[in-house]
Amino acid sequence: DQTAMTFCFKEEDHTIGNSLRHMINKNPEVDLCGYSIPHPSEAKLHLRIQTTNRTTAIDALKKGLEDLTDMCDHIFKTYEDELAKKDYEVWEEIS
């Protein structure tokens, strides 16, 4: 069944797990998306995706990764644009 799968990401943790889970759950074709870290001493993340019959878990994962990348690109560009305005105060470093 292509609508329900668990993906294992090696060397990943809650940082990508929670962000990716959030983006995938925003997809209306996704019934469930959750993640777990099986054991703290293992650098693994399990991501479970269940979708409607109109898409597959693999497509939902791809869309979630693309959406997360687009969001990060937007945040970075917005930050760079604001920084370029030089409308900020520089504080002196205390030694």
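Determine the pairs where a residue that is closer than 12 Å to Ala43 by Cβ and among the basic types (Lys, Arg), located within the range 11-22, has a partner that is modelled with pLDDT of 95 or more and in a loop (DSSP other than H, G, I, E, B) with Cβ atoms under 7 Å apart, the partner being 6 or more residues away or on another chain.
Every condition considered, no pair remains.
Which pairs do you get when a residue that is under 21 Å from Val30 (Cβ atoms), found in the range 64-87, comes within reach of a residue that is hydroxyl-bearing (Ser, Thr, Tyr) and open to solvent by less than 70 Å² (accessible area, probe 1.4 Å), reach meaning Cβ atoms under 8 angstrom, with the pair 6+ apart or on two chains?
Listed by first residue and then by second, the contacts come to Leu68/Ser19.
Of the residues in the range 23-55, how many are in contact (Cβ under 8 Å) with a residue 24 or more places away in the chain, surrounded by fewer than 14 Cβ atoms within 10 Å (Cβ to Cβ) and either of a type in the set (Val, Ile, Thr) or within 12 Å of Met5 (Cβ to Cβ) (or both)?
The number of residues fulfilling the criteria is 1.
Take the range 1-18 and flag every residue that is open to solvent by 50 Å² or more (accessible area, probe 1.4 Å) and more than 14 Å from Gln50 (Cα to Cα). Step through it out loud before you land on a result.
Of the range 1-18, the ones open to solvent by 50 Å² or more (accessible area, probe 1.4 Å) are 1-2, 6, 8-16, 18.
Those that are open to solvent by 50 Å² or more (accessible area, probe 1.4 Å) and more than 14 Å from Gln50 (Cα to Cα): Cys8, Phe9, Lys10, Glu11, Glu12, Asp13, His14, Thr15, Ile16, Asn18.
Of all residues in the range 56-66 being of a type in the set (A, V, I, L, M) and surrounded by 18 or more Cβ atoms within 10 Å (Cβ to Cβ), which is nearest to the chain's Cα centre (by Cα)? Full working, then the answer.
Filtering the range 56-66 down to residues of a type in the set (A, V, I, L, M) leaves 57-58, 60-61, 65.
Checking which are surrounded by 18 or more Cβ atoms within 10 Å (Cβ to Cβ) leaves us with 57, 60-61.
Numbers: Ala57: 15, Ala60: 12, Leu61: 10 Å.
By that ranking, first place goes to Leu61.
Take Thr69 and tell me if it is hydroxyl-bearing (Ser, Thr, Tyr), open to solvent by 30 Å² or more (accessible area, probe 1.4 Å), modelled with pLDDT of 95 or more and under 13 Å from the mean Cα position of the chain (by Cα).
Values: hydroxyl-bearing (Ser, Thr, Tyr): yes; open to solvent by 30 Å² or more (accessible area, probe 1.4 Å): yes; modelled with pLDDT of 95 or more: yes; under 13 Å from the mean Cα position of the chain (by Cα): yes.
It is true that Thr69 is hydroxyl-bearing (Ser, Thr, Tyr), open to solvent by 30 Å² or more (accessible area, probe 1.4 Å), modelled with pLDDT of 95 or more and under 13 Å from the mean Cα position of the chain (by Cα).
Checking the structure you have, find out if any residue of the range 79-87 is at pLDDT 95 or above and surrounded by 14 or more Cβ atoms within 10 Å (Cβ to Cβ).
no
The values are calculated or read from the model by the stated rules, or taken from the named source; none is laboratory data. Bear in mind the structure is a predicted one, so any value in this text is a computation, not a measurement. Quick reminder, even Gly has a Cβ in these numbers, built from the backbone with ideal geometry, and neighbours come from all protein chains shown. These area figures cover heavy atoms from the full protein model, side chains too; ligands, DNA and RNA do not enter into them. Shrake-Rupley method; radii C 1.70, N 1.55, O 1.52, S 1.80 Å.
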